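I have placed the structure first, in the form of structure tokens, so that the comments after it can refer back to it.
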Amino acid sequence: MTRLAAALALRLYGAALVLLPRAVRDRFAADMRATVRARLHDASRAGVPSVAALLARELLDLAVASARARRGVRHVPDTAGWQKRHLAVSAMLQDLRYAFRLLRRQPGFTAVAVVTLALGIGATTAVFTVVDGVLLRPLPYADPDRLLLLLNGRNGRLSTSFSPPDFRDAAASGPFAAAAAFAASSVNLTGEGEPQRLQMADVTGAFFTVLGLQPREGRAIDEADVAAKRRVVVISDGLWRRLFGARAGIVGRALRLDGRPYEVIGIAPPGLTLPGTPDVWLPLVFTPENLSDKQRGAHYVGAIARLKDGVAIDQANAAMGIVADRLARAFPNTNQGRQFLATRLQERIVRGVRPALLVLLGAATLVLLIACLNVANLLLARAGARSREVAVRAAVGAARARLIAQFLVESLALGALGTAAGIAVAWAATRALVALAPAGIPRIDDVAIDVRALAFAAIVAAATSVLFGLVPALTTTAAAFSRAIGHAGRGSVGASGTRARRVLVTCEMALAVVLLVGAGLLVRSFERLSAVDPGFSADHVLTFHIALPEAKYPTAAAVRQMVTTVVQRVGALPGVARAAAVFGLPLDSDFSASSSFTRTGEADSADAPSAGFRVVSPDYFAALHIPLRAGRLLDERDDEAAAEVVVINEEAARRYWPGRNPVGQQINVSVRLVTGAGTGLKTIVGVVGDVKFGGLDLTAPPEIYLPYPQQPVDSLTIAMRTADDPLAAAPMARAAIASLDPELPLSDVRTMESLVGRSIAERRFTMLLLASFAAVAVLLAAIGVYGVLAYLVTRRTQEIGVRLAMGATPADVVQLFLREGAVLAGIGLAAGLAGALAAGRALGSLVFGVTTTDPATFAGVAIAMALTALAASYIPARRAARVDPMDALRTD
Amino acid sequence: MTDARPFLPLSPQQFHILLALVDGERHGYGIIRDVEARTRRAVRLGTGTLYTALARLEALALVQESSRRPAAGDDERRKYYRLTPLGRAVLQAETERLDALVRLARRKGVAAGARPAWARTK
């Protein structure tokens, strides 16, 4: 315990060293830490209070010395002002020593208060740390405020993908100092142990310039690399560590990517995570064909740009708007109604997680507030017992301000202990949060308690100490000063103290109700979401990605042959019922494509229907249990030589062939995923059930399924239905594929169930966190109710004795106090439910399938809270009923 | 050698720090403990005060970091400090200045109390 306190004190002191002038800090910080470590070590032999006292003294000294050094003052002028400050400081130190002594004498009270504060401060600091790391901290790029992500929208829907010619024109619209395009994909690495799949980003020459990043070693990809089509690669810091153990001399060596040698020219700095988390960056080369106007419909590159100095984001949007209008007139088929917009990269990155994080921060703050109210309550109870001491001190001439100051020093001492414990809680909680957080929260891996978090905790602690200390300080001293000393005889704080405690407990109840309603709404949302039918059956399905490198599989025929063989081999493994290849697996964000198409007799236009684009081998629907609704499924006969066919889903049928039978209709799909794909009109042969694609909470998009032989894509997912545990089949599948091509890696080996789980992991995380906050809040509120009633019982022992002596039954007495509890609970509940109605709006985007005013949730919370309050009141009420009337009447 | 007089007077903290280094090199905590022991805990240097003063003394070239490596088992992060010849001369000059002052006061009949002068403000 002392060791922990000393360690925390050292961290705090280390953080406070920022106060020093820079020159002194740079020169002496390490040595000062060593000195303070030694002092703390010596002080820790005398226990926690000495450590705290030493820390307080050292922090004060550091602040004074720093201020003096900054002003360049060499001598302390020995003036009256100095004397006065000196007296005030020594009085405060005296108060502090007294406070610690009091706390040590009441270990039970101290423990409860410190634990309560630690929970509040710890939870708030942990959540703040995450919010700070994810939302607030600037991206690790140069001047991140001027760094933009370009968006491309049509019919009000914004996407991050541009076609190369659209990107070129938007980038040249004027407001940007530089702009770069990128495309994320993956690539096979061979020749470095086991073959493996790497995340890859193709980037244009200005990419690193736009971000303002220098590689940690070597150089970045530049325009010359792109112009000369050099086979060069920048590798990520992570890959450098993973593959080469962070060895020096990696720059200059070759890596085999998709069977071709690439020269490593640089190692990226660790913070570079764009787009996604690539392992390698390669030059993105646009061919004249890529940039031709015919390709304006092929949206596949992301775009970032850096604003010129002095240009506002609105001006950039206006300039791009002019370009977009010109393109819309020139190329109405692809660009009519298309807009180009810019948004700050940081805002875009955190957009998805902002609401949940802010709600959690709000919830943690409520927990902290409840903790403060609880400690204020405890202090009030204790102050009651000390009113005689206060009265005596007032009578012998202590100023009220001085007494209030003493109470505040006491609460600061308590706050300091609570903060120390709270930082320990925050440290553990932050690590737990980072470990438990679902993948997909940006930058979560870098989140750790740091100086900013400690500063936050310190500010929060100081504010809360004043908050929970002020009420008892004011009430107790008011009592002492308003009444003559003799009347304080019964050791009570009287009516004002009791009223204050009732108000505090009511507030606690109300806040706990707000949290409980929020948690309840999220729990119900999660229930609803878990019950959503994804449209396929996820159990017993294993999936993994493969990608056939072009160097080894140069033709569509070779790709088709290999994929067909893989599907056959995997499908023939023991325990595997069905196997299929799919491009566009549901709930897998890595693969997706969509395309516009035209129906028979329709010309291509801006309003052409569009649908998700899936390529599947015949057994796909059987493997995932996707039901057939009309017509037939795809089968072996639909090969490259046969007539081109497609299957659509019900949503597509409903939306694009309303009231008609789509089977037998023909469509013309504009996008080709691969060369060698069929280009003719495609006949719809069947309709299958809808499948959730983007997430369980989203409606299923319209979809078109194309037969694999007619669209032989080289990067796809294999899905297999197994009889037993699907993961157990993974080694067999790996061996089967290695026997076909030992250089072909399997990546993202996952069960379909884990994909479903991952798609709701973020909601699950938010829900669990909010539920635990609510649990702590309810517990604290219950302790509060119990505390007030127990106190009332003690205060009214005499009255109870009289009642019992006059013939009241113990049941009457129990009822009397339960009624007290019920009144508190009732008011708290009413206020809390009203508060929850108002606060519910913050949950807007986080609930699913319930409204934020869901009556069942509100009713459930009201009942649960009422029962909790009654249970908390019952224990002191029982004790009141067992009072011996004779004893009671004899008490003072 | 540089004249010591422009460096006078020293602040009490500076005087105590230089004094602590007269009989050898010390690390930061060593200085603090020496001053506390010598003044029977009447002068207790805070770490911040010590190092801002050390920074100043180092800038004035009265003190320098010693090249001495800590003994085995000692905290390796600690630095040791020692007096420069100039520092020794300044300490000498300050002592003479104070001595002269005290002699002046004595001659006027002002007697020293039971507690040392630097402890009075406590």
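The values are calculated or read from the model by the stated rules, or taken from the named source; none is laboratory data. The structure displayed is predicted, hence computed values, not measured ones. Neighbour counts run over all protein chains shown; Cβ positions are idealised from the backbone, glycine included. Each accessible area value is taken on the protein alone, full model and side chains, heavy atoms only, with ligands, DNA and RNA left out. Shrake-Rupley method; radii C 1.70, N 1.55, O 1.52, S 1.80 Å.
Quick look at the numbers
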read-out: Within the accessible area of the range A:337-408 (1.4 Å probe), percent carbon and sulfur; value: 63
read-out: In order through the range A:132-147: 3J(HN,Hα) via Karplus (6.51 cos²θ - 1.76 cosθ + 1.60), integer Hz, x for Gly, Pro; value: 4, x, 8, 9, 8, 5, x, 4, x, 10, 4, 6, x, 5, 9, 8
read-out: Relative packing of peptides A:404-410, A:123-129 - highest average C-beta neighbours within 10 Å first; value: A:123-129, A:404-410
read-out: In Hz, Karplus ³J(HN,Hα) per residue of the range A:533-538 (6.51, -1.76, 1.60; θ = phi - 60°; x = Gly, Pro); value: 7, x, x, 9, 9, 8
read-out: Straight-distance crosslink candidates among aspartates and glutamates, where the alpha carbon sits under 13 Å from residue A:308 and sequence neighbours closer than 8 are dropped; value: A:143, A:145
read-out: Given charges at beta-carbon only (K, R positive; D, E negative), |dipole| of the protein assembly as shown in Debye; value: 6080
read-out: Principal-axis tilt of helix A:48-71 within chain A, Cα atoms, nearest 10 degrees; value: 70
read-out: Interchain or long-range residues, amide H under 5 Å from residue A:848's placed H; value: A:525
read-out: Dipole of the range A:739-783 [Lys/Arg +1, Asp/Glu -1 at C-beta], most positive-end residue of A:771, A:757, A:782; value: A:782
read-out: Shielding by partners, peptide A:61-68 (average Cβ within 10 angstrom, other chains); value: 5
read-out: Degrees, to the nearest 10: A:556-571 long Cα axis against longest axis of chain A; value: 60
read-out: Alpha carbon centroid spacing (whole Å) that separates the range A:866-892 from the range A:453-479; value: 31
read-out: Among A:762-774, A:515-527, the order from most to least packed when residues are scored by Cβ within 10 Å on average; value: A:515-527, A:762-774
read-out: Accessible surface of the range A:509-594 [probe 1.4 Å, protein heavy atoms]: carbon and sulfur percent; value: 53
read-out: Using alpha carbons only: equivalent-ellipsoid semi-axes of the range A:432-473, gyration tensor based, whole Å; value: 33, 12, 7
read-out: Amide proton proximity set for residue A:176, modelled H, under 5 Å, gap of 5+; value: A:308
read-out: Taking the C-alpha atoms of the range A:714-778, convex hull volume expressed per residue in Å³; value: 128
read-out: Solution diffusion estimate, µm²/s, Stokes-Einstein, the range A:92-173, Kirkwood Rh from C-alpha pairs, 25 °C, viscosity 0.890 mPa s; value: 132
read-out: Cleavage-rule hits, trypsin sites (Lys or Arg not before Pro), the range A:621-685, DSSP coil, Cβ neighbours within 10 Å at most 16; value: A:632, A:637, A:660, A:672
read-out: Cα convex hull of the range A:235-380, projected area averaged across orientations, nm²; value: 17.2
read-out: Heavy-atom accessible area per residue - the range A:508-665, 1.4 Å, Å²; value: 40
read-out: Euclidean distance between Cα centres, the range A:794-852 to the range A:379-420, Å; value: 30
read-out: Kirkwood-type radius of the range A:778-831, with distances r between different C-alpha atoms, in Å; value: 12.1
read-out: Rounded tilt (10° steps) of A:400-436 against the dominant C-alpha axis of chain A; value: 30
read-out: Drop in accessible area of at least 10 Å² in the complex versus isolated chain, residues of the range A:34-52, 1.4 Å probe; value: A:34, A:35, A:37, A:38, A:39, A:42
read-out: Between the range A:322-338 and the range A:694-738, the alpha-carbon center distance in angstrom; value: 38
read-out: Per residue solvent-accessible surface (Å²) - the range A:357-398, probe of 1.4 Å; value: 32
read-out: Principal axes of the range A:746-892: Cα extent on each, largest first, Å; value: 83, 34, 22
read-out: Per residue, in Å², the accessible surface of the range A:137-267 once ligands and nucleic acids are set aside, probe 1.4 Å; value: 41
read-out: For chain A, fraction of C-alpha pairs farther apart than 58 Å, in %; value: 26
read-out: Aspartates and glutamates whose Cα lies under 16 Å from that of residue A:294, excluding same-chain neighbours fewer than 8 positions away; value: A:166, A:169, A:604
read-out: Total formal charge among the other residues, if their Cβ is under 13 angstrom from that of residue A:198, Lys/Arg +1 and Asp/Glu -1; value: -3
read-out: Loss of accessible area when B meets A, both sides summed, Å² nearest 100, probe 1.4 Å; value: 2400
read-out: Residues with amide H under 5 Å from that of residue A:268, placed H, sequence gap 5 or more; value: A:216, A:235, A:236, A:237
read-out: Cβ-based charge dipole, the range A:497-628, positive-most Cα from A:509, A:557, A:610; value: A:509
